[in-house]
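Here the structure comes first, spelled out in structure tokens, and everything after it is commentary.
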Amino acid sequence: MLTEVKTNKELKADPVFGQLSFDDHEQVVFCSDKDTGLKAIIGIHNTTLGPALGGTRMWTYQNEWEALNDVLRLSRGMTYKSAITGLNLGGGKAVIIGDAKTQKTPELMKKFGEYVHSLNGRYITAEDVGMETSDMDLVREVTPYVTGISEEKGGAGNPSPVTAYGVFMGMKAAAKYKYGTDLLEGKQVFVQGIGHVGEALVENLVEEGAIVTIADINQERLEAVRSKYGVTIYEGNDIYTEKMDIYAPCALGATINDDTINKLQAKVIAGAANNQLANEVKHGQLLQEKGIVYAPDFLINAGGIINVYAELESYNKAEIMRKTENIYNTTLEILNHADVNNMTSNQAALALAQKRIDTRKLENNS
Ligand SMILES: NC(=O)c1ccc[n+]([C@@H]2O[C@H](COP(=O)([O-])OP(=O)(O)OC[C@H]3O[C@@H](n4cnc5c(N)ncnc54)[C@H](O)[C@@H]3O)[C@@H](O)[C@H]2O)c1
């Protein structure tokens, strides 16, 4: 085995604890297995409200820094998502470095499951980008600490349609706040990313009579969704400059950034992607100044976690949908709270979530 000592200059300073996104994570676990090619990172941000639950993402990260930053940002987001949704869950997330299309094997998934199991339930996994319910079924073979498994195996099934319904509810609430009506009929909505959630959102929007344009990097999916729902495929070069009422980011995060924010034509942003604001404080504030209503991502995309939580708490589909529909009320509450207290919607949502965590911490310590 070869090892190498690097100088301080060659080593980037404070790669884990020093990252801004580290934000007091309780635990970060690096998982590696030579035989299956597994390279994964599990982030456990906070377990005050319960075990850290969050999906596993498999993605072709440019480098390990990007993967680490992603898992830290995502697991922190899960803490606030569960807190604001009223679930007794903490925040965690996992990333697997690699191409889900070519590198994901049953052996790799089971090895990953063994790492999840080694945490004894402090972290419970589920699916995220690059994962299917069948992958969670494989993980289930080696650990009980997994949700999002198929209905045949006793799970609540694919959470994506429920996530999409919650996003739809959040979008309607944001429209109500901006336009005085939550009817989306006739509204120009751009859905960026028409994967599991994006497609189901398109279905909800088309049913309501919205004018939907879709964008994706996968041409096959674009054609399939167009022919199924009769929507328009975006053919331009820069979606951010297009005239639209509502922008629904349903691909990856950080699409609201220094580059895009000044071009954005939408009056409402409501989508499924996690961590849409590249910088929560700066970009949240810029959106507010531009009069763009931002429905916080971690608030409106909670349908999926409500769905998988049902597997732990044994509640039924009707209860899942009732809780998800309530995202409408919470979004309106947050937008009004932000307005009255002169804060951004993201800050208002974070504050409400943090309050619940702080209260529980006090109870736990007393
Ligand atoms: N699945 C859920 O229940 C759930 C729950 C909460 C949050 N989310 C978040 O919602 C987003 C979508 O999740 P999903 O399950 O639909 O994932 P998915 O992998 O099924 O779909 C993502 C889609 O985005 C497309 N895409 C990737 N990069 C793109 C780009 N630059 N421009 C346009 N399209 C691009 C992909 O081709 C794919 O079709 C993710 O950010 C995920 O973390 C999902």
Under the Karplus relation with 6.51, -1.76 and 1.60 and θ = phi - 60°, whole-Hz ³J(HN,Hα) for segment 292-308, x at Gly and Pro, equal 8, 7, 10, 8, x, 4, 5, 7, 8, 9, 7, x, x, 6, 4, 5, 6
Report the extension gain between THR60 and ARG226 in nm, rounded to one decimal, defined as 0.36 nm multiplied by the number of residues separating them, less their alpha carbon distance. 57.0 nm
Please give every one of the lysines within straight-line cross-link reach of LYS101, meaning a C-alpha to C-alpha distance under 26 Å, and leave out same-chain neighbours fewer than 8 residues apart. LYS34, LYS39, LYS93, LYS110, LYS111, LYS153, LYS228
Residues meeting the amide H criterion for HIS45 (H placed from the backbone, H to H distance under 5 Å, 5 or more places apart or on another chain) are GLU26, GLY91, GLY92, LYS93
Report the extension gain between LYS317 and ASN120 in nm, rounded to one decimal, defined as 0.36 nm multiplied by the number of residues separating them, less their alpha carbon distance. 68.1 nm
Ranked by how many other beta carbons lie within 10 Å on average, peptides 176-186, 191-201, 149-159, 287-297 from highest: 191-201, 287-297, 149-159, 176-186
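Can you list which of the trypsin sites (Lys or Arg not before Pro) found in segment 2-52 are DSSP loop residues with at most 16 other C-beta atoms within 10 Å?
Passing both the DSSP loop test and the Cβ count: LYS6, LYS9, LYS12, LYS34.
How much of the DSSP bridge set in the chain is antiparallel, in percent, rounded to the nearest 5?
Working: 13 of 39 bridges.
Taking every DSSP beta bridge within the chain, about 35 percent pair in antiparallel fashion.
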Quote to one decimal, in nm, the extra length available between PHE17 and GLU152 on full extension: 0.36 nm per residue of separation minus the C-alpha distance between them. 44.5 nm
At a threshold of 8 angstrom on Cα-Cα distance, excluding pairs fewer than six apart, so keeping six or more, what relative contact order does the chain reach in percent? 15
Put a dot 7 Å past each Cα toward the Cβ at GLU132 and ASN326; how far apart are the dots in nm? 3.4
Quick check: net charge around THR260, other residues with Cβ under 14 Å of its Cβ, Lys/Arg +1 and Asp/Glu -1? -1
I need LEU299, LEU264 ordered by Cβ neighbour count within 10 Å, fewest first. LEU264, LEU299
Tell me the label-point distance for the pair THR102, ASN257, using the 7 Å Cα-to-Cβ offset, in nm and rounded to one decimal. 2.4
For every helix of n ≥ 4 consecutive DSSP H residues, a contribution of -39,500 (n - 2.57) applies; sum these over the chain, divide by its total residues, and give [θ] at 222 nm rounded to the nearest 500 deg cm²/dmol. -13500 deg cm²/dmol
If the convex hull is drawn through the Cα atoms of the chain, its volume per residue in Å³: 159
Mind checking the angle between helix 219-229 and the chain's longest principal axis? C-alpha axes, 0 to 90 degrees, to the nearest 10. 50
In whole angstrom, how far apart do the alpha carbon centroids of segment 16-90 and segment 296-335 sit? 21
Each residue of segment 319-331 in order: what ³J(HN,Hα) in whole Hz does its phi give by Karplus 6.51 cos²θ - 1.76 cosθ + 1.60, θ = phi - 60°, with x for Gly and Pro? 5, 4, 5, 5, 5, 5, 4, 5, 4, 4, 5, 5, 5
Exposure proxy check: ARG122, ARG57 ranked by fewest other beta carbons within 10 Å? ARG122, ARG57
Sequence-distant residues sharing a close amide H with VAL146 (under 5 Å, placed H): THR125
Got a sec to turn the phi values of segment 185-190 into Karplus ³J(HN,Hα) couplings, 6.51 cos²θ - 1.76 cosθ + 1.60 with θ = phi - 60°, whole Hz, x for Gly and Pro? 4, x, 7, 7, 10, 9
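Quick note: the coordinates plus some simple rules give every number you see, no bench work behind them. The model shown is predicted, which means the values in this text are computed figures rather than measured ones. Cβ sites come from the backbone with ideal geometry, for glycine too, and all protein chains shown count toward neighbours.
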